[in-house]
Each structure stands twice: as C-alpha cells, then as structure tokens.
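**Student:** Could you have a look at this structure, given as structure tokens, before my questions?
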Amino acid sequence: MKCYVDYESKTSLKVSGVTAVILIVLSYTFAARNSVWAFLCGISFERGLLYHKLFAYFGIAVSLFHALFAYDKILKDYKG
C-alpha cells in the first residue's frame, strides 16, 4: 500500500486548511470554564483544559503542514 500526498492538487491545501481551522476553533471552545461542549460532553473544567491543549497542539501541527503545502505550491507555480 502506497501512501502519499498529492502536492499538485488544491484539495490537499483545502483539506489541511479546513482541518487546521476546525482544530483551532475546537481548542477555543474547550478553553471556557462554562463551555457548552463541556456541559454536553459531561467533562470537568480540568479535562476540558487537557482537550484544549491537545486540539491546540494538533491544530498548530496541521497549520504548519498547510503552510508547507502552500509554500510548495507557490514555488511550483512561480517556476512555471
């Protein structure tokens, strides 16, 4: 099984960007003390902070991948 990312398509840029935004938004929603997510999931504030950190770390990592995809796409478009 071969696994690769197609740098030529705009789909990988779009998917990585949307994923990064979703993760960052989720990290903000778990940061509040009386969060709707915490109430609906039945988790404590301390557990919500753990999820806040995890979503933020993953969001930053995916954002970096998105930036690398975009930079590579810009370079390839510039070179012709």
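The values are calculated or read from the model by the stated rules, or taken from the named source; none is laboratory data. Predicted model, so just to flag it, every value in this text is computed and none were measured. In this analysis, Cβ positions are derived from the backbone assuming ideal geometry, glycine residues included, and neighbour counts consider all displayed protein chains. Ligands, DNA and RNA are stripped out before the accessible areas are found, and what is left, the full protein with its side chains, is counted by its heavy atoms. Shrake-Rupley method; radii C 1.70, N 1.55, O 1.52, S 1.80 Å.
**Student:** Anyone know which of LEU49, LEU40, LEU13 comes out most mobile in the 10 Å Cα GNM of the chain?
**Tutor:** LEU40
**Student:** Follow-up. On average, how much area does the Cα convex hull of the chain cover when viewed from any direction, in nm²?
**Tutor:** 6.9 nm²
**Student:** Summing -39500 (n - 2.57) over the DSSP H runs of n ≥ 4 in the chain and dividing by its residue number, what mean residue ellipticity at 222 nm do you reach, to the nearest 500 deg cm²/dmol?
**Tutor:** The per-residue figure over the chain is -26500 deg cm²/dmol.
**Student:** Turning to a different aspect of this structure: Can you work out the accessible area per residue across segment 25-80, with the rest of the protein chains kept in place, probe 1.4 Å, in square angstrom?
**Tutor:** 79 Å²
**Student:** Further question: Just ILE24, ILE43, ILE60 to compare: in a GNM of the chain, with alpha carbon springs under 10 Å, which one fluctuates most?
**Tutor:** The residue that fluctuates most here is ILE43.
**Student:** Tally up the carbon and sulfur contribution to the accessible surface of the chain as a whole percent, 1.4 Å probe, everything protein left in place.
**Tutor:** C and S atoms contribute 69 percent here.
**Student:** Same structure again: What's the longest bit of the chain with no exposed chymotrypsin sites (Phe, Trp or Tyr not before Pro), using DSSP loop states and at most 16 other Cβ atoms within 10 Å as the test?
**Tutor:** Within the chain, the longest run free of exposed chymotrypsin sites (Phe, Trp or Tyr not before Pro) spans 8-80.
**Student:** How would segment 37-80 be classified by its alpha-carbon gyration tensor: rounded, prolate or oblate, with rounded meaning a/c under 1.5 and the a/b versus b/c comparison settling the rest?
**Tutor:** prolate
**Student:** For the chain, modelled as a Gaussian network with Cα springs under 10 Å, which listed residue fluctuates most, VAL18, VAL36, VAL62?
**Tutor:** Most flexible of the set in this elastic network: VAL36.
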